[in-house]
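J.: Okay, here's the structure, questions in a sec.
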Protein chains: 2
Amino acid sequence: MKRIMLLSLLLLLATAVHGQEKDAAFIRKIYDEALAKGESYEMLRYLTKNIGGRLSGSPQAAAAVEWSRQQMMTYGFDTVYLQPVMVPHWERGEVEKGRIVNSKKYGSMPIEVTALGNSVGTGPKGTLGRLIEVKDFQQLAELGEKTIKGKIVFFNRPMDPRLLDTFSAYSGASNQRGSGPTEAAKYGAIGVIVRSLSSYKDGVVHTGSTNYGLNVPKIPAVAISTADADFLSDLLHDDPELQFYFETHSQMHEDVLSYNVVGEIKGTQFPDEIIVVGGHLDSWDLSEGAHDDGAGCVQSIEVLRLFKALNYRPKRTIRAVMFMNEENGLRGGRKYAELAAENNEKHIAALESDRGGFLPVGFGITGTESQQNKLLGWASLFEPYGLFQFKRGGGGADISPLRTQDVPTIGYLPDSQRYFKYHHTPIDNFEAVNQRELELGAASMAALIYLIDQYGL
Amino acid sequence: MKRIMLLSLLLLLATAVHGQEKDAAFIRKIYDEALAKGESYEMLRYLTKNIGGRLSGSPQAAAAVEWSRQQMMTYGFDTVYLQPVMVPHWERGEVEKGRIVNSKKYGSMPIEVTALGNSVGTGPKGTLGRLIEVKDFQQLAELGEKTIKGKIVFFNRPMDPRLLDTFSAYSGASNQRGSGPTEAAKYGAIGVIVRSLSSYKDGVVHTGSTNYGLNVPKIPAVAISTADADFLSDLLHDDPELQFYFETHSQMHEDVLSYNVVGEIKGTQFPDEIIVVGGHLDSWDLSEGAHDDGAGCVQSIEVLRLFKALNYRPKRTIRAVMFMNEENGLRGGRKYAELAAENNEKHIAALESDRGGFLPVGFGITGTESQQNKLLGWASLFEPYGLFQFKRGGGGADISPLRTQDVPTIGYLPDSQRYFKYHHTPIDNFEAVNQRELELGAASMAALIYLIDQYGL
């Protein structure tokens, strides 16, 4: 009896070791294909160079929908379809002007501004006023209506450069952009200037969405570069009377019809169990949306293409999803989860790539402890490829609505050091993406999807 | 007695834990200073933008020597001095021309070429001949003199894109450039074209040194881009009769006097024990030498500056060394080791940064097993900063001559994915270096030097 148990144990162990070897070998094939014959980079070239910026509701967003549909059809995925979704349609307008006026030292001088996404424009008369610089909402509250009324509030809290995870630094500063205009309006401000959310001191302006609260006046809001923010702050220190003028023509139109784009390979054994891998197809208008999030889209398509190229028939159904409207509404992500619930779909995992096409370092997972442990247990398979960071907690904006259905969500983690140089700027273009880093990301995502397909979560 | 032993053990353990905490805290300070107030990036800006490419023997190399001397003086290091060394003085010449001729399909068409470093020029008459494409020296030998004599050999073996460590891929292809001209000359070739050593297919030409063997004719040699190499290979397949013409005016002059630049902070407890941290100051002429190796130089200076900024007085003597002539002679590295032996200096470790200013991932060490174990034992202190790769084996070209004195050599390992896009090209410029990556590298190097200073190797 003891001998039989020992033999069974040895057999189990041998099977496990064999499984690990088989997985390691297949993962090696995935990386080889992605690095030697990958197509993510050429897909990204098309999406960024031939289509370009693709804000929700724009003709370019529609072009991106059609391109990704055709691309996935060309690759011969089993099913490719669109999920209709109504999205906000905000437009920046042609002209954006900013100017310091009545400076003792410089008189009048231009400063580049860019309207925050979703913000109202000033119209042709512009907004002119004195500036009140604050670091946070507490300081704003302390100054109160008597100081702020009729003025332009200048939010100037930098991202903390000491944080290794730049997304943490971003989180620590981003409420200035997201809620700053609403908070300032509560005290009677007539406009808002926000220091760009950047890890770098340079002359690049970063847009991004602001969200107006209910029952508070919508006041116009712009971002200026970090270099200009420091310059303006120094100037204000010696010359608090100076004024700022800006003119924007942004406006929110009626919602328009757009789409999530879905491509899938049907599972051979458990076709009803769905694994999602996705990114968001929309981007800001200023940029080509290369890192944010063209990279995540082409990597997701590439995951399925890699499986087909390697003749891998998944046990479960694998879906590449291009979500629409992450940037200024998250309507696509919400719609996807809504339809999943309506159709009683069983999602066993969702993976999002929305942190740029940089060097892969790991994955983070939100789910039960056992789901987390399963992911963490696979870490050693990724070490040969430089991924060492497997974390509890993670996901992505577009897949977050699936959490109400208890779907474990996984965030693909590329290194974050360079992301906030490009994020929401005109320089988030194709040239900012490195081919091998993009390919390694796609391969890493495919390897993880393969493991989930083999063993579930 | 047992109780005393137990108490001693606990005390030891407590001291060790306290030591770890103290080290972790100081390392945190190093990273904070480097990320929030680092100066490596501004130093690199000066070296690349105000001085530029600085090939051994050039006026720019002399300027770089004087700049780094002054920079270290300004920082108030205890001693700053020059080590005279005679270096090769090779010049590219003004004109480089390449051209496909007698192509059935295109007639005559220009192809960008760049002379390999140290190579002889063709002179104004140029070199014209039919092409023999080979992948390696074995194929060359098999073809032999009867096929090769009077022709131009075209070495076209790519770097293997599947290798995660791109330096391994480089090693697998670089003998074509280093020894190709000599090997081809043995069979009577009149010239050599080498496929650029790049991880990418693009239009960028990569120079780099070739080394002529003794008693073999020195034939002119150029590199073409990977995209042109593929194009030319396809063309040759259908049209083996086509010819290639190239004209270069490079020449080797007499050796000239140059210098290693050394800056040091004297140790308080063991001033005779020396720890070196360095990079090489020379670069190829085509580029600003930003990643190769301006980054390593400014990081090495920054290590000492960080110690001063944090009021850290090292126990041992820490030396920043800017080596001269790594690219086409290694005279500076050899001279440094020669002087160390002559002066009976006791070097306890040498660290080199010569793999670009990219994201730090770890360190590699060549030394005794106990030295290697000591380094590997510190790995966990670096995990919060994303460094997980601590390896046996490593160093750098300039510090390699110290191995004959049994000095343990350590190579700083940044991620290698992007390096061979820029290596030895006109695009290895300041803009190709990311500030945070450069700073994180300097901090990682300073953290390691701190640990070696505290505990030896």
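The values are calculated or read from the model by the stated rules, or taken from the named source; none is laboratory data. Just so it is clear, the model here is predicted, and its values are computed rather than measured. Ideal geometry is used to build each Cβ from the backbone, glycine not excepted, and the neighbour counts take in all protein chains shown. Side chains included, ligands, DNA and RNA excluded: accessible areas come from the protein's heavy atoms. Shrake-Rupley method; radii C 1.70, N 1.55, O 1.52, S 1.80 Å.
J.: Pick out the one residue from B:L457, B:L402, B:L387 that is at pLDDT below 95 and either under 24 Å from A:R418 (Cβ atoms) or hydrophobic (A, V, I, L, M, F, W, C) (or both). First the steps, then the outcome.
T.: Numbers: B:L402 fails: at pLDDT below 95; B:L387 fails: at pLDDT below 95.
Unique residue meeting the criteria: B:L457.
J.: Let me ask you something else. Can you tell which of A:P84, A:P88 is under 20 Å from the mean Cα position of the chain (by Cα) and under 30 Å from A:E264 (Cβ atoms)?
T.: Unique residue meeting the criteria: A:P88.
J.: Something else now. Of the residues that make up region B:401-409, is at least one open to solvent by 10 Å² or more (accessible area, probe 1.4 Å), touching a Leu at 6+ places or on another chain (Cβ under 8 Å) and in contact (Cβ under 8 Å) with a residue 12 or more places away in the chain?
T.: Within region B:401-409 (the criterion being open to solvent by 10 Å² or more (accessible area, probe 1.4 Å), touching a Leu at 6+ places or on another chain (Cβ under 8 Å) and in contact (Cβ under 8 Å) with a residue 12 or more places away in the chain), the answer is yes, since at least one residue qualifies.
J.: Kindly list the number of the only condition in (1) touching an Asp or Glu at 6+ places or on another chain (Cβ under 8 Å); (2) touching a residue at least 60 places away in the same chain (Cβ under 8 Å); (3) over 18 Å from B:N328 (Cα atoms) that fails for B:I190.
T.: (1)
J.: Still on this structure: What single numbered condition from (1) without any contact (Cβ under 8 Å) to a residue 60 or more places away in the chain; (2) polar (S, T, N, Q); (3) surrounded by fewer than 18 Cβ atoms within 10 Å (Cβ to Cβ) fails to hold for B:Q243?
T.: Failing condition for B:Q243: (1).
J.: Within region B:234-286, how many residues turn out to be over 30 Å from B:S40 (Cβ atoms) and either of a type in the set (F, W, Y) or not in a loop (DSSP other than H, G, I, E, B) (or both)?
T.: Going through region B:234-286 one residue at a time, the tally reaches 16.
J.: Sticking with this one: Out of (1) of a type outside the set (V, I, T); (2) away from chain A (no Cβ under 11 Å); (3) out of contact with any Asp or Glu (no Cβ under 8 Å at 6 or more places or on another chain), what's the single condition that is false for B:N429?
T.: Unmet condition: (3).
J.: Right, another one. Only one of these is in contact with a helix residue (DSSP H, G or I) (Cβ under 8 Å, 6 or more places away or on another chain), under 30 Å from A:L236 (Cα atoms) and not small (G, A, S): A:L44, A:L128, A:L116. Name it. Spell out the reasoning first.
T.: Working: A:L44 fails: under 30 Å from A:L236 (Cα atoms); A:L128 fails: in contact with a helix residue (DSSP H, G or I) (Cβ under 8 Å, 6 or more places away or on another chain).
Every option except A:L116 fails the conditions.
J.: May I pose another question? Just to be sure before I move on: is B:I224 modelled with pLDDT of 95 or more and surrounded by 24 or more Cβ atoms within 10 Å (Cβ to Cβ) in the structure I sent?
T.: It is true that B:I224 is modelled with pLDDT of 95 or more and surrounded by 24 or more Cβ atoms within 10 Å (Cβ to Cβ).
J.: Let me ask another. Given the structure, is B:A173 open to solvent by less than 20 Å² (accessible area, probe 1.4 Å), part of a loop (DSSP other than H, G, I, E, B) and either farther than 24 Å from B:N429 by Cβ or not hydroxyl-bearing (S, T, Y) (or both)?
T.: yes
J.: I need the full set of residues from region A:179-190 which are among the aliphatic types (A, V, I, L, M) and either open to solvent by 30 Å² or more (accessible area, probe 1.4 Å) or within 14 Å of chain B (Cβ to nearest Cβ) (or both), in order please.
T.: The answer is A:I190, and nothing else.
J.: Moving on to the next point. Looking at (1) within 23 Å of B:D23 (Cβ to Cβ); (2) within 14 Å of another protein chain (Cβ to nearest Cβ); (3) touching a helix residue (DSSP H, G or I) at 6+ places or on another chain (Cβ under 6 Å), find the lone condition where B:F420 falls short.
T.: Evaluating B:F420 over (1) within 23 Å of B:D23 (Cβ to Cβ); (2) within 14 Å of another protein chain (Cβ to nearest Cβ); (3) touching a helix residue (DSSP H, G or I) at 6+ places or on another chain (Cβ under 6 Å) leaves (1) as the failure.
J.: Which residue is farthest from A:L457 (Cα to Cα), if the candidates are limited to region A:331-353 and must be in contact (Cβ under 8 Å) with a residue 12 or more places away in the chain and open to solvent by 30 Å² or more (accessible area, probe 1.4 Å)?
T.: Applying the filter and picking the extreme gives A:R331.
J.: Can you confirm whether region A:191-214 contains a residue that is touching a helix residue (DSSP H, G or I) at 6+ places or on another chain (Cβ under 6 Å), away from chain B (no Cβ under 14 Å) and charged (D, E, K, R)?
T.: yes
J.: Let me ask something additional. Closer than 25 Å to A:K146 by Cα, surrounded by fewer than 23 Cβ atoms within 10 Å (Cβ to Cβ), among the charged types (D, E, K, R) and at pLDDT 95 or above: is that true of A:K218 in this structure? Break it down into steps so the answer makes sense when it comes.
T.: Numbers: closer than 25 Å to A:K146 by Cα: yes; surrounded by fewer than 23 Cβ atoms within 10 Å (Cβ to Cβ): yes; among the charged types (D, E, K, R): yes; at pLDDT 95 or above: yes.
So A:K218 fits the description; yes.
J.: Please indicate, with yes or no, whether at least one residue in region A:10-17 is more than 14 Å from chain B (Cβ to nearest Cβ), in contact with a strand residue (DSSP E or B) (Cβ under 6 Å, 6 or more places away or on another chain) and either open to solvent by less than 20 Å² (accessible area, probe 1.4 Å) or more than 30 Å from A:A309 (Cβ to Cβ) (or both).
T.: No, there is no match, as no residue in region A:10-17 is more than 14 Å from chain B (Cβ to nearest Cβ), in contact with a strand residue (DSSP E or B) (Cβ under 6 Å, 6 or more places away or on another chain) and either open to solvent by less than 20 Å² (accessible area, probe 1.4 Å) or more than 30 Å from A:A309 (Cβ to Cβ) (or both).
J.: Would you pick out the residues in region B:147-170 that are more than 17 Å from the chain's Cα centre (by Cα), surrounded by fewer than 20 Cβ atoms within 10 Å (Cβ to Cβ) and part of a helix (DSSP H, G or I)?
T.: B:T147
J.: Residue under question is A:F231, and the condition is that it be part of a strand (DSSP E or B) and out of contact with any His (no Cβ under 8 Å at 6 or more places or on another chain); does it hold?
T.: Values: part of a strand (DSSP E or B): no; out of contact with any His (no Cβ under 8 Å at 6 or more places or on another chain): yes.
Against the criterion (part of a strand (DSSP E or B) and out of contact with any His (no Cβ under 8 Å at 6 or more places or on another chain)), A:F231 does not qualify.
J.: Residue pairs, Cβ under 8 Å, 6 or more apart or interchain, first in region B:366-386 and over 18 Å from B:G441 (Cα atoms) and away from chain A (no Cβ under 11 Å), second open to solvent by 20 Å² or more (accessible area, probe 1.4 Å) and in a helix (DSSP H, G or I). List them.
T.: From region B:366-386, the pairs are B:T366/B:R403; B:K374/B:Y455.
J.: Restricting the search to region B:354-384, which residues are open to solvent by 40 Å² or more (accessible area, probe 1.4 Å), among the β-branched types (V, I, T) and either at pLDDT below 95 or closer than 21 Å to B:Q454 by Cβ (or both)?
T.: B:T368
J.: Considering each of B:V85, B:V113, B:V101 in turn, give the residue that is open to solvent by 20 Å² or more (accessible area, probe 1.4 Å) and aliphatic (A, V, I, L, M).
T.: Only one candidate passes the filter, namely B:V101.
J.: Do any residues in region A:157-173 that are away from chain B (no Cβ under 13 Å) and closer than 26 Å to A:I132 by Cα have Cβ atoms under 8 Å from those of residues that are open to solvent by less than 30 Å² (accessible area, probe 1.4 Å) and assigned to a helix (DSSP H, G or I), where the two are at least six apart or on different chains, and which pairs are they?
T.: As it stands, the answer is A:R157/A:Q176; A:Y170/A:F420, since those pairs meet every condition given.
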